[in-house]
Amino acid sequence: MKKLAIIGASYLQEPLIQKAKSMGIETHVFAWAANDVGEKSADYFYPISIIEKEQITQKCREIGIDGICTIASDLAVITVNYVANQLHLNANSMECTRLSTNKHLMREAFEKNGDPSPRSILVEDVTDLSGITLQYPVIVKPLDRSGSRGITKLESAEGLREAIENAKEQGFEKKALVEEFASGQEYSVEFISWKGKHHFLAVTEKFTTGAPHFIETGHVEPARLSDEMCEQVKRVVSHALDSLQITMGASHSEIKIDQDGNIRLIEIGGRMGGDYIGSHLVEWSTGVDFLGNVICVALGQDINIVSKHKPYAVAVRFVFGKDDLETLNIIQREHPEYLKVVDVSDDIEGNVADSSDRHGMYLMVAENREAFEQYLPKKGVE
């Protein structure tokens, strides 16, 4: 029986754990003990923090793992690639890891290789911007976080110091990026790579709260793009994956497309997208076993991107408050067959400051997008 190490035990990793077990693979899960779902569902659980790379490497060497992976977590990706490289298992290089988990190095790689991306400035304090004329609006974000944490849009210099301090507080390295604001509709692009060849899977249309924090309120696949624009997106993202030296496994690329059709790369993660995009939306909308392929890559086995069922329209809507629950109740009355997953907290009070504060979600699947269009969240204003 193959042995797979999985970094992280939260609900994000649960689909990966269950997929591996369904494939007859023994699961070894590493995370700090927090009573998360993966602690119970894994075949073996080790209460070691996901950032303790050396401890995890030693334990994996003792176990004799055949592969290691994670989904939807940039922090876990660092450990995954480190352990894999130490044990000569399948993974991206550590240089790729640096480029794809540090937004400043990522921007430098994009600029060096001619990839379309907003200009940015790395700062530790607002005084680092002395003598620099900023063109507003700008986005201030942490150097090394995801999930809309610490992101603020500013229309002027008012609040700049506070936005930088907030971004630093949310980040691990306590640094921030101040970058030009890219206008347009936001999308994410899901690929899986095998030995340097990039295989396109899906474009996800994103719904957010809009300015100033752009917290995701929902996602839809497939996105409404012309065939010509979709081909252009594939070319731009594939080139950027090469710029970041991503050669193995899932990738999640966030882009914006403006009203003139210009594509700007916001950021790329060398892992599967979170928010149910990688674990649920891609398989429903394409028929491709994305999770299974991620595991195959980790184990050094060939991938299979043949569709196993016909494609569907699929959407996830997140619960921020009563309006989202009212919409859920309407769907349950009018079209309960659309609902495939419902996970809502008993307590929906409290402010949603980033994606981790949302109060739940529900997943809708139908023959076409028009069927559930009325149940999608409204898009926020940029």
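Would you confirm, using the coordinates I've provided, whether Val282 is part of a helix (DSSP H, G or I), in contact with a Phe, Trp or Tyr (Cβ under 8 Å, 6 or more places away or on another chain) and more than 18 Å from Pro222 (Cα to Cα)?
Values: part of a helix (DSSP H, G or I): yes; in contact with a Phe, Trp or Tyr (Cβ under 8 Å, 6 or more places away or on another chain): yes; more than 18 Å from Pro222 (Cα to Cα): no.
Here the answer is no, as Val282 does not meet what is asked.
Let me confirm something: among Ala163, Ala182, Ala202, which residue is within 29 Å of Ser238 (Cα to Cα), surrounded by 20 or more Cβ atoms within 10 Å (Cβ to Cβ) and over 16 Å from the mean Cα position of the chain (by Cα)? Lay out the reasoning, then the answer.
On the way: Ala163 fails: within 29 Å of Ser238 (Cα to Cα); Ala202 fails: over 16 Å from the mean Cα position of the chain (by Cα).
Exactly one residue qualifies, and that residue is Ala182.
Residue-by-condition table, conditions (1) assigned by TED's automatic domain parsing to the domain that holds His280; (2) within 23 Å of the chain's Cα centre (by Cα); (3) on the phi > 0 side of the Ramachandran plot:
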residue	(1), (2), (3)
Gly8	no, yes, yes
Tyr11	no, yes, no
Gly24	no, no, yes
Thr27	no, yes, no
Trp32	no, yes, no
Gly38	no, yes, no
Asp43	no, no, no
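From Ala84, Ala72, Ala76, grab the single residue that is in a loop (DSSP other than H, G, I, E, B) and either outside the structural domain of Asp289 (by TED's automatic domain parsing) or surrounded by 17 or more Cβ atoms within 10 Å (Cβ to Cβ) (or both).
Just a single option satisfies the conditions, and that option is Ala72.
Could you please find all residues in segment 172-198 being in contact (Cβ under 8 Å) with a residue 12 or more places away in the chain, of a type outside the set (A, V, I, L, M, F, W, C) and part of a strand (DSSP E or B)?
Let us first name the residues in segment 172-198 that are in contact (Cβ under 8 Å) with a residue 12 or more places away in the chain, namely 172-196, 198.
After this cut, where a residue has to be of a type outside the set (A, V, I, L, M, F, W, C) as well, the list is 173-175, 179-180, 183-188, 190, 193, 195-196, 198.
Within segment 172-198, Glu179, Glu180, Gln185, Glu186, Tyr187, Ser188, Glu190, Ser193, His198 qualify.
From the list Asn304, Asn329, Asn293, which residue is among the polar types (S, T, N, Q), at pLDDT 95 or above, part of a helix (DSSP H, G or I) and farther than 19 Å from Ser188 by Cβ? If you could, list the steps in order and put the result at the bottom.
Details: Asn304 fails: part of a helix (DSSP H, G or I); Asn293 fails: farther than 19 Å from Ser188 by Cβ.
Of the residues listed, the single one that is among the polar types (S, T, N, Q), at pLDDT 95 or above, part of a helix (DSSP H, G or I) and farther than 19 Å from Ser188 by Cβ is Asn329.
Could you grab me the full set of residues in segment 98-131 that are assigned by TED's automatic domain parsing to the domain that holds Lys168, assigned to a helix (DSSP H, G or I) and without any contact (Cβ under 8 Å) to a residue 12 or more places away in the chain?
Thr127, Asp128 - these are the residues of segment 98-131 that are assigned by TED's automatic domain parsing to the domain that holds Lys168, assigned to a helix (DSSP H, G or I) and without any contact (Cβ under 8 Å) to a residue 12 or more places away in the chain.
Given the residues Ser345, Ser355, Ser279, which is the only one that is of a type in the set (Gly, Ala, Ser), outside the structural domain of Tyr11 (by TED's automatic domain parsing), under 19 Å from Ser10 (Cα atoms) and touching a helix residue (DSSP H, G or I) at 6+ places or on another chain (Cβ under 7 Å)?
On the way: Ser345 fails: touching a helix residue (DSSP H, G or I) at 6+ places or on another chain (Cβ under 7 Å); Ser355 fails: touching a helix residue (DSSP H, G or I) at 6+ places or on another chain (Cβ under 7 Å).
Matching residue, one of Ser345, Ser355, Ser279: Ser279.
Quick check on my filter: what residues within segment 209-268 are of a type in the set (S, T, N, Q), within 30 Å of Asp302 (Cβ to Cβ), in contact (Cβ under 8 Å) with a residue 40 or more places away in the chain and not in a loop (DSSP other than H, G, I, E, B)? Can you show your working first?
If we filter segment 209-268 for residues that are of a type in the set (S, T, N, Q), which is where we start, we get 209, 217, 226, 232, 238, 243, 245, 247, 251, 253, 259, 262.
The next check asks that each one be within 30 Å of Asp302 (Cβ to Cβ); those that pass are 232, 238, 243, 245, 247, 251, 253.
Within this subset, residues satisfying the condition of being in contact (Cβ under 8 Å) with a residue 40 or more places away in the chain are 238, 243, 245, 247, 251, 253.
Correct list: Ser238, Ser243, Ser251, Ser253.
Considering only segment 358-382, state which residues are exposed (fewer than 14 other Cβ atoms within 10 Å of the Cβ) and at pLDDT below 95. Explain how you work it out, then say what you get.
Looking only at segment 358-382, we keep the residues that are exposed (fewer than 14 other Cβ atoms within 10 Å of the Cβ), and these are 367-368, 370, 373-374, 378, 381.
Across segment 358-382, the qualifying residues are Lys378, Val381.
Determine whether Glu169 is without any contact (Cβ under 8 Å) to a residue 12 or more places away in the chain, of a type in the set (D, E, K, R), outside the structural domain of Ala298 (by TED's automatic domain parsing) and surrounded by fewer than 18 Cβ atoms within 10 Å (Cβ to Cβ). Reasoning before the result, please.
Working: without any contact (Cβ under 8 Å) to a residue 12 or more places away in the chain: no; of a type in the set (D, E, K, R): yes; outside the structural domain of Ala298 (by TED's automatic domain parsing): yes; surrounded by fewer than 18 Cβ atoms within 10 Å (Cβ to Cβ): yes.
No; evaluated as a whole, the condition is false for this residue.
The values are calculated or read from the model by the stated rules, or taken from the named source; none is laboratory data. As the structure is a prediction and not an experimental result, all values here were calculated from the model. Reconstructed Cβ throughout: ideal geometry from the backbone, glycine too, with neighbour counts over all protein chains shown.
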